[in-house]
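K.L.:
Questions regarding the structure given below will be posed in turn.
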Amino acid sequence: MNTAIGLAHGLDGREAGLNAAQQALAHLSAGRPVTGIVFASQEFNMADVLTGVTSLLPNLPWWGFSTMRVLMAEGEESHIVAVVLISGTDLRAQVHWFPTYSEKSALVAQQLGQILSEQEGGAVQGVLLALDGLNGDPLALSAAFDGRSVAVAGGMADGDGQAKTYQLAGAQCGSGAMAALCLGGKFALGVGAAHGWKPVGVYFKVTKARGTWVQELDGVSPAEAYGRVFGYAPRDWGFPPLKNLIRLYPLALEGYEDLPRTPLHVEVNGNLRMNIPLQEGQRMRLMVGDTATCLEAARLAVRKALQSLGKARPGVALVFLDKAWRTLFELNREQIVTALQAELGDLPMVCVYTLGQLSAPSAQKVTFANMLVAVTILGEATD
């Protein structure tokens with residue numbers, strides 16, 4: 001197994017995609033790529049980026065999504081395309097495109113389950129999923145993996161600032177979709193996740209919810225409920241900066257503090273807009289972030305991923321980092337990369353911001369959450 005990463009800046013998406021792919025291909029030490037992974041910062045038109053990478057490698061199973069920024073050792077990078085190429089013998093990759101995910105999440109889960117059923121017998125060792133980060137019901141996807149011993153990882157894509165996020169699979173790209181990369185043969189997937197948010201002594205009960213909107217906490221608007229805790233007027237939460245800063249203060253279902261849920265923002269009417277639904281009657285704990293705990297969580301997530309990889313040889317790490325970390329570490333984001341690299345050593349890594357994370361080592365239940373640092377290590381079985 002050989003891996004290579006290409007990074008390219010520019011103003012034109014097609015040119016940046018092509019340059020990143022060329023750079024990765026030039027650094028690939030041996031073999032023809034079996035799959036390509038691409039992340040593009042939100043300034044680009046994702047379709048243009050896809051045109052660029054496929055012009056160089058047209059028949060490759062490409063997979064990826066849009067992100068706000070790519071986080072590197074030197075800090076954040078805007079106007080950037082990151083391409084990961086992987087080659088090797090007995091490595092198999094196949095992509096699947098689900099354009100109706102945002103409207104028909106349950107049906108897409110059935111379709112994905114059918115695909116996995118048709119490849120039983122160990123044909124699929126791991127699955128990477130790219131989800132629309134703003135629409136759809138990620139919880140519905142859990143059913144596709146019930147009873148299957150498959151490692152699963154991925155991210156809920158960040159947007160372009162225009163209420164859209166983009167996913168790609170093969171030669172197809174669009175918003176509101178889901179893209180799946182199924183890895184087989186000698187591919188191995190190590191998965192680990194953690195977060196650094198701590199519960200405080202504040203509880204809310206979800207008294208009214210509809211889909212991805214939370215309309216009442218403890219019988220009042222969420223803006224009023226948060227206002228009582230933090231001392232701001234309810235109307236202030238519907239406008240910047242509090243409208244978006246609320247992402248720093250997630251809610252965790254009591255007993256499931258390792259899977260926090262956080263709002264995308266506060267609506268003008270005081271409702272919370274979520275991307276992982278909450279249910280009426282759930283008792284939630286308010287949580288706050290801690291930088292020191294987050295840095296330890298980053299190291300822990302890497303250790304978990306390496307442990308779940310077992311005896312397989314690691315090749316490249318993909319880190320799906322919740323966007324809230326960007327705000328929490330506003331003045332020293334390079335600390336996050338330093339913590340990750342302290343455990344990864346010389347292993348190549350790409351870190352991207354996401355609006356949600358999914359992770360499950362083989363034979364474990366697939367979980368969806370916000371606020372996590374989710375580390376995925378693609379490796380090669382040595383047996």
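K.L.:
Does A179 count as open to solvent by less than 10 Å² (accessible area, probe 1.4 Å), touching a residue at least 60 places away in the same chain (Cβ under 8 Å), part of a strand (DSSP E or B) and farther than 21 Å from A324 by Cβ?
P.N.:
Yes.
K.L.:
Based on this model, can you work out whether G113 counts as part of a loop (DSSP other than H, G, I, E, B) and without any contact (Cβ under 8 Å) to a residue 40 or more places away in the chain?
P.N.:
Taking the combined requirement at face value, the residue does not satisfy it.
K.L.:
Does Q172 count as open to solvent by 50 Å² or more (accessible area, probe 1.4 Å), modelled with pLDDT of 95 or more and touching a strand residue (DSSP E or B) at 6+ places or on another chain (Cβ under 8 Å)?
P.N.:
yes
K.L.:
Quick one: which residue in R261, R273 is surrounded by 22 or more Cβ atoms within 10 Å (Cβ to Cβ), touching a strand residue (DSSP E or B) at 6+ places or on another chain (Cβ under 8 Å), under 19 Å from Q357 (Cα atoms) and touching a residue at least 24 places away in the same chain (Cβ under 8 Å)?
P.N.:
Every option except R261 fails the conditions.
K.L.:
If I go through region 191-220 residue by residue, how many of them are in contact with a strand residue (DSSP E or B) (Cβ under 8 Å, 6 or more places away or on another chain), farther than 22 Å from T327 by Cα and open to solvent by 20 Å² or more (accessible area, probe 1.4 Å)?
P.N.:
Count: 12.
K.L.:
Tally up the residues in region 276-315 that are among the aliphatic types (A, V, I, L, M) and open to solvent by 20 Å² or more (accessible area, probe 1.4 Å), please.
P.N.:
5
K.L.:
So, in region 111-138, exactly how many residues are open to solvent by 60 Å² or more (accessible area, probe 1.4 Å) and either within 21 Å of G170 (Cα to Cα) or aliphatic (A, V, I, L, M) (or both)?
P.N.:
So the count comes out to 4.
K.L.:
Take region 348-367 and flag every residue that is modelled with pLDDT of 95 or more and either of a type in the set (A, V, I, L, M) or closer than 25 Å to L278 by Cα (or both).
P.N.:
Once the filter is applied, which keeps residues that are modelled with pLDDT of 95 or more and either of a type in the set (A, V, I, L, M) or closer than 25 Å to L278 by Cα (or both), region 348-367 yields M349, V350, V352, Y353, T354, L355, G356, Q357.
K.L.:
Another question about this same structure. Would you confirm, using the coordinates I've provided, whether T338 is out of contact with any helix residue (DSSP H, G or I) (no Cβ under 9 Å at 6 or more places or on another chain) and either open to solvent by 10 Å² or more (accessible area, probe 1.4 Å) or in contact (Cβ under 8 Å) with a residue 40 or more places away in the chain (or both)?
P.N.:
Judged against the criteria, T338 is not a match.
K.L.:
Taking the conditions exactly as written (crowded, with 17+ Cβ neighbours inside 10 Å, out of contact with any helix residue (DSSP H, G or I) (no Cβ under 9 Å at 6 or more places or on another chain), part of a strand (DSSP E or B) and among the aliphatic types (A, V, I, L, M)), does L318 satisfy them or not?
P.N.:
yes
K.L.:
Right, another one. Exactly one of (1) assigned to a strand (DSSP E or B); (2) modelled with pLDDT under 95; (3) of a type outside the set (A, V, I, L, M, F, W, C) is unmet by G190. Its number?
P.N.:
Only one criterion in (1) assigned to a strand (DSSP E or B); (2) modelled with pLDDT under 95; (3) of a type outside the set (A, V, I, L, M, F, W, C) is unmet by G190, namely (2).
K.L.:
Right, something else. Taking the conditions exactly as written (at pLDDT 95 or above and basic (K, R)), does R14 satisfy them or not?
P.N.:
Spelling it out, R14 is indeed at pLDDT 95 or above and basic (K, R).
K.L.:
Looking at region 1-60 only, could you name the residues that are of a type in the set (S, T, N, Q), surrounded by fewer than 24 Cβ atoms within 10 Å (Cβ to Cβ) and without any contact (Cβ under 8 Å) to a residue 60 or more places away in the chain?
P.N.:
Correct list: Q22, S29, N45, T51, S55, N59.
K.L.:
Any residue in region 87-102 that's on the phi > 0 side of the Ramachandran plot: show its pairings with residues that are crowded, with 19+ Cβ neighbours inside 10 Å and aromatic (F, W, Y) at Cβ separation under 9 Å, as long as the two are six or more apart or on different chains.
P.N.:
The qualifying pairs are G88/F187; D90/F187.
K.L.:
Now, a different point. For the subset of region 80-110 comprising residues that are hydroxyl-bearing (S, T, Y) and over 21 Å from L60 (Cα atoms), which member is surrounded by the most Cβ atoms within 10 Å (Cβ to Cβ)?
P.N.:
Y101
K.L.:
Let me spell it out: the conditions are (1) open to solvent by 70 Å² or more (accessible area, probe 1.4 Å); (2) at pLDDT below 95; (3) closer than 19 Å to G289 by Cβ, and A163 meets all of them except one. Which number is the exception?
P.N.:
Every condition holds for A163 apart from (3).
K.L.:
Hey, could you check region 221-258 for residues that are closer than 21 Å to T327 by Cα and small (G, A, S) and say which is most open to solvent (accessible area, probe 1.4 Å)?
P.N.:
Looking at the filtered set, the residue picked out is G231.
The values are calculated or read from the model by the stated rules, or taken from the named source; none is laboratory data. What you see is a predicted model, and the numbers here were worked out from it, not measured in a lab. When we count neighbours, we look across all protein chains shown, and the Cβ atoms used for this are built from the backbone with ideal geometry, even at glycine. For accessibility, only protein heavy atoms count, side chains too; no ligands or nucleic acids. Shrake-Rupley method; radii C 1.70, N 1.55, O 1.52, S 1.80 Å.
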